[in-house]
Amino acid sequence: MIRNDVAITPELVKEHGLKPDEYERFVNLIGREPTITELGIVSAMWNEHCSYKSSRIHLRGLPTKAPWVIQGPGENAGVIDIGDGLACIFKMESHNHPSFIEPCQGAATGVGGILRDVFTMGARPIAALNFLRFGEPDHPKTPHLVSGVVAGIGGYGNSFGVPTVGGSVGFDKRYNGNILVNAMAVGLARTDEIWYAKATGVGNPIVYLGSKTGRDGIHGATMASAEFDDASDEKRPTVQVGDPFAEKLLLEACLELMKSGAVIAIQDMGAAGLTSSAVEMGAKGNLGIELDLDKVPCREEGMTAYEMMLSESQERMLMVLKPGMEQEAQAIFHKWGLDFAVIGKTTDTLRFVIKHQGEVKADLPIKELGDEAPLYDRPWVECPKQPVVAPESVKAPMSEAEALLKLVGSPDQCSKRWVWEQYDHLILGNTVQTPGGDAAIVRVEDGPKGLALTTDVTPRYCEADPFEGGKQAVAEAWRNITAVGGLPLAITDNLNFASPERPESMGQFVGCLKGIGEACKALDFPVVSGNVSLYNETNGQGILPTPAIGGVGLVDDVTVNASLAFRREGEAIILIGATQGWLGQSIYLRDICGREEGAPPPVDLLQEKRNGDFVRQLIRSGQVTTVHDLSDGGIALGLAEMAMAGGVGAEITAYPEGFPLHAFLFGEDQARYLIAVDEDVAADILYEAGAIGIPAVTLGLTGGDALILPGQQAISVKQLKAAHEAWLPNYMTGKA
Amino acid sequence: MKSAVIVFPGSNREGDVLRALKSAGSQVEKVWHAETELPQGTDLVVLPGGFSYGDYLRCGAIAGRAIVMDAVRAHAARGGLVLGICNGFQILCESGLLPGILMRNANLKFICHRQFLRVERNDTAFTKAYAKHQAIDVCVAHGEGNYTADEETLKRLEGDGLVAFRYADAQGHITQDANRNGSMNSIAGIYSEKLNVLGMMPHPENLIEDLVGGTDGRGLFESLVSSFSRAA
């Protein structure tokens, strides 16, 4: 009989984040009062972060299959086939709450965790990206958070040795008390050398690898599943500390061990550490797991079973080894100076048994810990539709040129160079397109293939209309990959939302997911991995619904690609896609007119696909090398970005009748691209587009050192650049 | 030419320099930090970029005292060529093979960007393929690249022509703006007295192809290989 030292009071249950009915469910499941260790284990397994209890039923609707998908959601990361026997393994994950409490370590361990997810499957990481949202710039905490998060992401990735090639940074007051730090990792493996978490065989050794276990991060996953309040800073001790050096060693040791053929199954210790990794390996393999905690390498003395099972110390792995291979495996780990300990074995009992100092501390049914986790169909309400803002109803408070100059230097649209210069984006020597473009391109090994990578979502669209916003997030990722010449293959989604216990925010979640699913289906762009982060709110104020999409596409030949820079004078600028001058929820309406309102631009997925396929074919056939997708700030901002990137100006002479100039220039209609080509080629392209019914129109010519909008004073490219580059460095040094 | 690239735990640009050496025509072997000897016939030893042993102490401090460094010092003493890039430069300073030290960047942040260098002399084994005072376009990626030395050392480096590269603008002018990490005298790289040891913060190994930024870094590796093919 299992001994119970600690009485399980309702207060203790509450402290573990379990609702009374969830606790009751657990007691019924095991038929007795749990030990404190067992309570800890179930609290880790049944929290929102690990169990997806509020989101599971909605995630089921996402398309996850395609002929090139090797592994969809449910493993450490998603896997797609990119041909030639190679697989791309990738995932994005949030570390929002830890990063708010301790920005540098929170962000660093976010990067560490996602890198581990990727190399656990046998992939060598080749690129990292991120998606960051901070509170309004004027909020006193914001500069400190920006500085810490960027230092943390850079510090970890730079030392580990993976190029951080892309990302997104934005500000909004709705993130004042709850920033978003989503990290994405992309790795490369051979399709016949991919490793999974499923344990096989009875009596096989379970091996602990990597750094030692300490008291850091205990209850991290539970914290990540709670709302914040003013006392959240007190939770700092639950944030783990990252050691990129240990992670780099762990990577090399794991890949070497995998090559040796000694590995049966492997799982990294991420959220809920030893508990969730062990349970997952056993449950997936229909096996029991028995652990002897006396064997666990510990950093501190006197750690209890409870602490060891819930520690979130970083840079650790759990592995099921082929019997008889212990010596060989140990030699590899010792060469890399890492801990290696056999701490248990697989059994045929389907029980999760934890022993410590000669006593059984936990004895639980392993399958039920996962399968019987609560599942909620939380009540939700449809978000009310916003009225469409007619272009004519928006008065321009300043000239279009002035508005553009203001936008290029605004917090959301300004250059993020200050951020990405702190990330080593050039290591490994394969970064074909660096940060600052539509999507990064990373060459695969020695080529000719490459991967196009991006992270996107427009949270204000998602709030105004979750369904259209969800569609738009996927469409924009697809468009960004297309704009550099990539064929979009699959996404990872990082679903950041407020409390699922409020029907309004649950409604946002449900709506966004429907939109994401619809777009993925229409664009052949399945979800292969992801992460759900709920309870992103502080003192009852939720964040903007932010389902960040990490997209991966394939570039067949990296030497054939496009970038956004105007390279030559006298090229025709062609707009692909239809323009209605959609100003609802636009950056122009928000930042120039001070109005946050209206329905966001609708996304016509059929048009999206047709226009994108057309543009991609133009790039791949070598006809076009200058392409930019249009999103925030519409045509005007797109032109400015192209001019700044290439140092070449442009004059726009044509614009359609029927709506105000500012709506034409700043409207955020979807499915659009700007391209610049030699005038002779332009005629062919217009003809081709016309023949298949794709809207395409010449707007003007590149050239000169200024951007001239119709009827507007010229803005020199120098002036644009100065405004664009100034804001963030000035802000971070207290000058803005 | 035979090159030995030393791999410390935490090295992370060894693959990049391996690729650059190979593409210039060198044979290359990786050497683990716990080795006591270099491979037979090693012409060039390379200490690659990275964060050796995590660089939790002063950068390069532990690596400078690694077992393999005795062999590297012996190789240098025999007049053998040694190239330390980024963390490798820090290690060379910590191991006593080069004078001075790399402090934290002036803005106290890691910086990764494209950077022009002025080639100070083109009569060494490392720089023959360049013109004197040529501006080359490479990149930097470091948090501690702020070269610092006492007055006497600086005077000696300058007087003996031991400064290899300086941070410059695209025209090769030495300006304050181009010296982003705050190095004394805009120093980006220095030679040992006998010109057989070169330490530099920037990464020529990442600029060896047009597709990935340009080819200005190739000259360094081609200089090295050509020295040996002529001798052979």
Quiz item: Looking at A:GLN617, A:GLN607, which one is without any contact (Cβ under 8 Å) to a residue 60 or more places away in the chain, surrounded by fewer than 23 Cβ atoms within 10 Å (Cβ to Cβ) and in a helix (DSSP H, G or I)?
Solution: A:GLN617
Exercise. Answer with yes or no whether A:ALA671 is assigned to a loop (DSSP other than H, G, I, E, B), among the aliphatic types (A, V, I, L, M) and modelled with pLDDT under 95.
Key: no
Exercise. Report yes if some residue within segment A:246-260 is within 14 Å of another protein chain (Cβ to nearest Cβ) and either free of Cβ contacts under 8 Å to residues at least 24 places away in the same chain or basic (Lys, Arg) (or both); otherwise report no.
Key: yes
Quiz item: Name the residues in segment A:138-156 that are touching a residue at least 40 places away in the same chain (Cβ under 8 Å) and more than 10 Å from chain B (Cβ to nearest Cβ), would you?
Solution: A:PRO143, A:HIS144, A:LEU145, A:VAL146, A:GLY148, A:VAL149, A:GLY152, A:ILE153, A:TYR156
Quiz item: Got a sec? Which strands (runs of 3 or more DSSP E) wholly within segment A:19-120 have at least 1 residues that are of a type in the set (A, V, I, L, M), touching a residue at least 12 places away in the same chain (Cβ under 8 Å) and out of contact with any Leu (no Cβ under 9 Å at 6 or more places or on another chain)?
Solution: A:69-71, A:78-83
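Results for (1) in contact (Cβ under 8 Å) with a residue 60 or more places away in the chain; (2) assigned to a strand (DSSP E or B); (3) of a type in the set (Val, Ile, Thr), shown as yes or no for each residue.
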site	(1), (2), (3)
A:PRO547	yes, yes, no
A:ASP557	yes, no, no
A:ALA565	yes, no, no
A:GLU597	yes, no, no
A:PRO601	yes, no, no
A:ILE635	yes, no, yes
Quiz item: Just wondering, is there one or more residues in segment A:569-582 that are in contact with a Leu (Cβ under 9 Å, 6 or more places away or on another chain), of a type in the set (Val, Ile, Thr) and within 14 Å of chain B (Cβ to nearest Cβ)?
Solution: no
Practice problem: Enumerate the strands (runs of 3 or more DSSP E) found wholly within segment B:1-90, keeping only those where 1 or more residues are under 19 Å from A:VAL162 (Cβ atoms). | Solution: B:2-7, B:81-85
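Listed here are the residues, each with its yes/no results for (1) part of a helix (DSSP H, G or I); (2) out of contact with any His (no Cβ under 7 Å at 6 or more places or on another chain); (3) within 19 Å of B:GLY88 (Cβ to Cβ); (4) within 14 Å of another protein chain (Cβ to nearest Cβ).
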{"position": "B:GLN176", "(1), (2), (3), (4)": "no, yes, no, no"}
{"position": "B:ASN185", "(1), (2), (3), (4)": "yes, yes, no, no"}
{"position": "B:ALA188", "(1), (2), (3), (4)": "no, yes, yes, no"}
{"position": "B:LEU198", "(1), (2), (3), (4)": "no, yes, yes, no"}
{"position": "B:GLU205", "(1), (2), (3), (4)": "yes, yes, yes, yes"}
{"position": "B:VAL212", "(1), (2), (3), (4)": "no, yes, no, yes"}
{"position": "B:LEU220", "(1), (2), (3), (4)": "yes, yes, yes, no"}
{"position": "B:LEU224", "(1), (2), (3), (4)": "yes, yes, yes, no"}
{"position": "B:PHE228", "(1), (2), (3), (4)": "yes, yes, no, no"}
Quiz item: Does segment A:162-169 include one or more residues that are closer than 15 Å to A:GLN240 by Cβ and surrounded by 24 or more Cβ atoms within 10 Å (Cβ to Cβ)?
Solution: no
Quiz prompt | Counted residues, segment B:85-105 - those being within 13 Å of chain A (Cβ to nearest Cβ) and either surrounded by fewer than 22 Cβ atoms within 10 Å (Cβ to Cβ) or among the hydrophobic types (A, V, I, L, M, F, W, C) (or both) | solution = 4
Quiz item: Just to be sure, is B:THR127 hydroxyl-bearing (Ser, Thr, Tyr), over 25 Å from B:PHE8 (Cβ atoms) and touching a strand residue (DSSP E or B) at 6+ places or on another chain (Cβ under 6 Å)?
Solution: yes
Quiz prompt | Of residues in segment B:106-135 being among the charged types (D, E, K, R) and not in a strand (DSSP E or B), the one surrounded by the fewest Cβ atoms within 10 Å (Cβ to Cβ) | solution = B:ASP123
Quiz item: Just one of B:ILE111, B:ILE136, B:ILE62 is touching an Asp or Glu at 6+ places or on another chain (Cβ under 6 Å) and within 12 Å of another protein chain (Cβ to nearest Cβ); which is it?
Solution: B:ILE111
Exercise. Select from segment A:418-445 the residues that are more than 21 Å from A:ASP557 (Cα to Cα), in contact with a strand residue (DSSP E or B) (Cβ under 6 Å, 6 or more places away or on another chain) and surrounded by fewer than 24 Cβ atoms within 10 Å (Cβ to Cβ) and list them in ascending order.
Key: A:VAL419, A:GLU421
Quiz item: Which one is nearest to the other protein chains (Cβ to nearest Cβ) among residues in segment B:1-46 that are in contact with a Pro (Cβ under 9 Å, 6 or more places away or on another chain) and basic (Lys, Arg)?
Solution: B:ARG13
Quiz item: Going through segment B:91-105 one residue at a time, which ones are over 30 Å from A:VAL165 (Cα atoms) and in a loop (DSSP other than H, G, I, E, B)?
Solution: B:GLY96, B:LEU97, B:LEU98, B:PRO99, B:GLY100
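The values are calculated or read from the model by the stated rules, or taken from the named source; none is laboratory data. In this text, all values refer to a predicted model and were calculated from it rather than measured experimentally. Glycine also receives a Cβ, built like all others from the backbone with ideal geometry; neighbour counts cover every protein chain displayed.
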